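The values are calculated or read from the model by the stated rules, or taken from the named source; none is laboratory data. Quick caveat: nothing in here was measured; it's all calculated off a predicted structure. So basically every Cβ, Gly included, is an ideal-geometry build from the backbone, and we count neighbours across all protein chains shown.
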Amino acid sequence: MENIILTGDRPTGRLHLGHYVGSIKNRVDLQNSNKFDKIYIMIADAQALTDNFTNPSKVRENVIEVALDYLSCGIDPNKTTIFIQSEVSELTELTFYYMNLVTLSRLQRNPTVKNELILRNFEKSIPVGFLNYPISQAADITAFDATCIPVGIDQLPMIEQTREIVHSFNNIYGKTLVMPEAHISNKENERRLPGTDGKNKMSKSLGNCIYLSDDEKTIKQKVMSMYTDPNHIRVEDPGKVEGNIVFVYLDVFATDDDFKKYLPEYKNLNELKEHYQRGGLGDVTIKKFLNNILQERLKPIREKREELEKNIEYVYKVLEEGTKEARKHAKKTLDKVKTAMKINYFESEEFLKEIIDKYQDK
Ligand code: TRP
């Protein structure tokens, strides 16, 4: 069996540091490991429309933003097929057949859906399209025979639901679909990066993001106003590192080399933490240190983006070519599915033979 990756994002905004740490970096590493036979990254515009259907321009505009973010982070179109979901109509068809395999209460029990229904105030009148999106996600995954789905932890219930659909389909119609597995970062603190305000999650709607495309000044300003320890008022006060966003980020980003380069008074993060906890270390020092690190990490991404923005037709071509290729694969799976379900009337001689056998000799 081939080793195939499929993953994707909804194009509802530019990608931020939370996306980068929680999934994009992981995807680039997987891509460059050369361990996979095929890698697909999907811009999930159809899924984005399930809760933005009144604002299609927002989705349309962000298709190219997300593509730019992918390419600037090191997703390489020679190794990875990037495509637009709605342009692969086979996915919608697969969704329709999978809908038979899932109950309403199962969808309503999906923890990610449950959470999103509350966030979007959909509880009283739930659009069917929105509730259905886990099924469409199963179509995305199975259409490409994907075995490995690198996602953030909030997506685990989606993969679980896909696995149930695969199981059920194969049980009823014979082994057709490939069983996928989620792949999440093995570093606990990278799985969910909190927002700059200390809230649980970096999210556009909370306004607490550092975007991959933010300029130097904006990054600095966001770092300098980060949430730290509200009780650490004077430099001499002992400070807390737990829940202190600067330290949470340093845990993710700072290496011993960064200390050599930007803060040689300390050997490593433990020494810095100890000093902060003892008292005598001000927030400005740690924020400046974090700023230096983030600037260094984000600069090449931003510069690559600027270069690509000047060559936007190339990005368009990457999407066009990728989508063409993705369609071919999805078409093959759809054919297999329809054959398994016995709804392939004109694809082979079989149906004709059956009816002839049945009626000719009467
Ligand atoms: N639901 C994912 C998100 O919100 C996007 C997505 C759509 C996806 N289809 C997928 C992710 C298939 C992984 C596999 O980010």
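Here Asn231 passes the criteria (1) in a helix (DSSP H, G or I); (2) free of Cβ contacts under 8 Å to residues at least 12 places away in the same chain except the one numbered (1). Is it the case that Lys299 is assigned by TED's automatic domain parsing to the domain that holds Lys220, of a type in the set (Lys, Arg) and closer than 30 Å to Arg234 by Cα? Considered against the rule, which asks whether it is assigned by TED's automatic domain parsing to the domain that holds Lys220, of a type in the set (Lys, Arg) and closer than 30 Å to Arg234 by Cα, Lys299 comes out as no. Within the stretch 335-362, the residues that satisfy the criterion of being assigned to a loop (DSSP other than H, G, I, E, B) and charged (D, E, K, R) are Lys342, Glu347, Glu349, Asp361, Lys362.
For the stretch 40-114, no helices (runs of 4 or more DSSP H) sit wholly inside it while including 3 or more residues that are outside the structural domain of Phe169 (by TED's automatic domain parsing).
Pairs meeting the criteria (first residue in the stretch 1-21 and outside any strand (DSSP E or B), second residue aromatic (Phe, Trp, Tyr) and more than 13 Å from the ligand (Cβ to nearest atom), beta carbons under 6 Å, at least 6 apart or on different chains) are Asn3/Phe36; Arg14/Tyr211.
Applying a threshold of 8 Å to beta carbon distances and a minimum spacing of six or more residues, or different chains, the list of pairs starting in the stretch 243-255 at a residue that is in the same structural domain as Gln277 (by TED's automatic domain parsing) and ending at one that is of a type in the set (D, E, K, R) and outside any loop (DSSP other than H, G, I, E, B) reads Val246/Asp283; Val246/Lys287; Phe247/Lys273; Val252/Glu190; Phe253/Arg297. Restricting the stretch 1-40 to residues that are β-branched (Val, Ile, Thr), under 17 Å from Thr162 (Cβ atoms) and near the ligand (Cβ under 10 Å from one of its atoms), the residue that is surrounded by the most Cβ atoms within 10 Å (Cβ to Cβ) is Thr7.
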